[in-house]
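Chemist: One structure is given below, represented as structure tokens, and several questions about it will come after.
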Amino acid sequence: MLHHVCTWASGRLLLEEIDCNLVFLHFDYPLIYAAAGNTTPITLSAYIRSASRSHHFCLEHEGLSDLAEAGIKNSYPLRSSTEIISDYEAQPSHPEVCFVGHVMSWLSNMAQEDPLSHHLRRDFWARVCNLAHPIAPSSVRHARSLSPHEAASIQFTSRKIQYRCEAHGLSLPFRGEILQRLNAPSIAIYGGILPIYASEQNAKIDKDSVHYFAAQHDPVKLAQIYKEKRINLNITSLQFDNAVINRVIDIAGAGGFVLTDWRPGLAELTEVADSISYRSPEELNEKIAYYLDPSHDKERQEISEALHNDIMSRCTYQQTVSSVLEQLEKPESREASVMQIDLGCGIHKPEGYLGVDRYPAAGVDRVADLNQRFPFASNSVDRVRAHDVIEHLTDRIHTMNEIWRICKPGGIVDILVPSTDGRGAFQDPTHVSFWNLNSFLYYSIDHPAYLNLCKSYGFKGCFRIIACKEDHTPGNVVHVNIQLEAIKDEKTTDAEGNKDLVSRYTLKQINVIASALQTNEDRSSQLSPQGLLELVRKISKHPSGANVTIIVDIGKENQEAATEQLSDLMLSLILEDFMDSNACVPSISIYSDHDGSERSQLNALIHGRITNDDFIEPVLAQVLPPIPLDGSLAPSTEC
């Protein structure tokens, strides 16, 4: 509820007005419901503005990376938890497969007219074939296609989350597709189709082996179902890449046996991860046949008991609350002045560092694929440690670009990598990029000829070499150990700093500055109060209206008085009852230019300027997309 309540004058959410520390537990993908309501940029901006007193705990590690990339430092991993707790006891099992949840039998037409439909369908079928197929790369490609220069990080992150939201909408037919491919003699589905799809024809799976039962929400009855069924299934929704969701934990807590699609976090939770996971429909069918065989009943019960004990030792609500409180009490959980990260940390993270690795493990604070965008905001890191990791990353230019991007000006980078001057670079089958002492000349200001050549290859940054040496170890293995300093000029940091303006003024796809609410005598250079109301009225009636931010430029006027005046104007607009269910309301922010320090940066992000009532129509005609005569312009994605 806090996410969606805002005030007209400031566009601020209620969560920003509450004067206390905030803790968010994201058991779904962060902001995915804001994406469903087309309010992701607004909510993300509010998260950023309240970041200093907020703490975010995320079930999905990719969501954790999204928050960190947006500059929200106080974000931590979260495990699934269960309220379904019972003592394990082996029970006679119904010889059938059970799925608790809603499904649809086919991929409906709901995404065909969506511009993303071909990408979403590609990911849909790719995950049907490989249950470990990630959504993250497609979400990043989508965001880059709309924001190639990533000037507005809020919009970039919002578009990634919007893609996941669209994928989430295909989760019901995805589950149905997997269930249709099962060869089990009997399949019980508790839940069937959601009521909103009740009018869909043939929405149920048409197989003699499939039996539907009413949805069940009572924890006691659910626990009994999980215990009785020989095999319970989990099919993770499409918005998740890494998370082990609550259904798995609930089944284990009840003492039931589960087969779940493989997720990286599963091995962290239980020693029987390999026994209960599958990566394809074919492997699922093989395991179903194996565990339905009465001769394997004892093995299945032993796995259930081991899983139950593992989950009860890690995933109760009480343990989750204790873990959250423990994290909040750590000194490093408060925003630190020095940010140190260890890339590819494994289990050897130094004290005082934030650990990043591809798979969850003890000491890993961020799970991320470093072949993709690093999960940190630009200019946010003081020290980067990268020991025995960059040789595992495919694109050397991308690696050095990302390290440079996340470093603060003057940030220190400590790299240890096997050299091609020894056998170590080539002997490990997982090494995919190759380095030696000379490799780093291409990224160094100390060697301008090499640096200029590297920039023609796509390198965007600049380092200074502080120190370098070679370490020789037995087996003719040679390591390069090099320390670099990130060199960044004011122009670079100003460009990266645009994201602060995007957050402060809730900038969107279309940003219009309107001079108004000033008390100077020259009224010819500003909108009248009626003109400002007319501007809001016209934008709200346009299908793209919610993609617009109106920045009210009050010059050097008192901001508190201007905010009060704007509140009165907006209230009068509401009382006119012009806003019906079809209104696409723009965001409204106030800009007070007392020293002029932000004006040039803000001007670079503005699409139109309105200085008096006569300019309203010409500017809107220029910045808003035209509405075709047939009315076919799609409603705003943020409306």
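The values are calculated or read from the model by the stated rules, or taken from the named source; none is laboratory data. Bear in mind the structure is a predicted one, so any value in this text is a computation, not a measurement. Don't worry about glycine lacking a Cβ; one is built from the backbone with ideal geometry, like all the others, and counts go over all protein chains shown. Note: areas computed on protein heavy atoms with side chains; ligands, DNA, RNA excluded. Shrake-Rupley method; radii C 1.70, N 1.55, O 1.52, S 1.80 Å.
Chemist: Which distance in nm do the two modelled labels at Leu25 and Phe426 give, with both placed 7 Å along the Cα-to-Cβ direction?
Modeler: So the label points at Leu25 and Phe426 sit 5.5 nm apart.
Chemist: Now, a different point. Between the DSSP loop rule and a limit of at most 12 other Cβ atoms within 10 Å, which trypsin sites (Lys or Arg not before Pro) in the range 357-455 are left? If you can, show how the numbers build up before the last one.
Modeler: Working: sites: Arg358, Arg366, Arg373, Arg383, Arg385, Arg396, Arg405, Arg423, Lys455; in loops: Arg358, Arg373, Arg423.
Nothing satisfies the criteria.
Chemist: For the range 307-450, build the charge dipole from Cβ charges (+1 Lys, Arg; -1 Asp, Glu) around the Cα centre, then report which of Ile311, Ile406, Ile341 sits farthest towards its positive end.
Modeler: Ile406
Chemist: Scan around Val23 for amide H atoms under 5 Å from its own, H built in the peptide plane at 1.01 Å from N, and keep only partners 5 or more places away or cross-chain.
Modeler: For Val23, whose amide H was placed from the backbone, the distant partners under 5 Å are His55.
Chemist: Another question, if that's okay. With N set to the number of residues, divide the alpha-carbon radius of gyration of the range 273-318 by 2.2 N^0.38 Å and report two decimals.
Modeler: Compactness ratio reported: 1.35.
Chemist: Using label points projected 7 Å from each Cα along Cα→Cβ, tell me how many nm separate Asn285 and Leu146, to one decimal.
Modeler: 3.9
Chemist: Roughly what % of Cα-Cα distances in the range 240-382 sit above 18 Å, to the whole percent?
Modeler: Looking at the range 240-382, the distances longer than 18 Å represent 66 percent of pairs.
Chemist: So, one more: At most 15 other Cβ atoms within 10 Å and a DSSP loop assignment: could you name the GluC sites (Glu not before Pro) in the range 216-285 that fit?
Modeler: Within the range 216-285, the qualifying GluC sites (Glu not before Pro) (loop, at most 15 other Cβ atoms within 10 Å) are Glu271.
Chemist: Follow-up question, since we're still on this one. Quick one: 3J(HN,Hα) in Hz for the range 442-457, Karplus 6.51/-1.76/1.60 with θ = phi - 60°, rounded, Gly and Pro as x.
Modeler: Calculated HN-Hα couplings, in order: 6, 10, 10, 5, 6, 10, x, 5, 5, 4, 4, 5, 5, 5, 5, 7 Hz.
Chemist: From the phi of every residue in the range 219-231, what ³J(HN,Hα) in whole Hz does the Karplus formula 6.51 cos²θ - 1.76 cosθ + 1.60 yield, where θ is phi - 60° and glycine or proline is x?
Modeler: Coupling constants for the range 219-231: x, 5, 5, 4, 4, 5, 4, 4, 6, 6, 6, 5, 9 Hz.
Chemist: Which whole-Hz couplings ³J(HN,Hα) result when phi for each residue of the range 71-78 is put into the Karplus expression 6.51 cos²θ - 1.76 cosθ + 1.60, θ = phi - 60°, listed in order with x for Gly and Pro?
Modeler: x, 8, 7, 7, 9, 9, x, 9
Chemist: Set the bar at 26 Å for Cα to Cα. Now go through Lys349/Lys408; Lys408/Lys556; Lys160/Lys287 and name every pair that lies beyond it.
Modeler: Exceeds cut-off: Lys408/Lys556; Lys160/Lys287.
Chemist: Once ligands and nucleic acids are excluded and a 1.4 Å probe is used, how much of Trp106 is accessible, expressed in Å² to the nearest 10?
Modeler: Counting only protein heavy atoms, Trp106 exposes about 80 Å² to solvent.
Chemist: Of Glu391, Glu534, which has the most accessible area with a 1.4 Å probe, and how do the rest follow in descending order?
Modeler: Glu534, Glu391
Chemist: Under 5 Å between amide hydrogens, which residues at least 5 positions from Arg230 or on another chain qualify, with H placed 1.01 Å from N in the peptide plane?
Modeler: His94, Glu96
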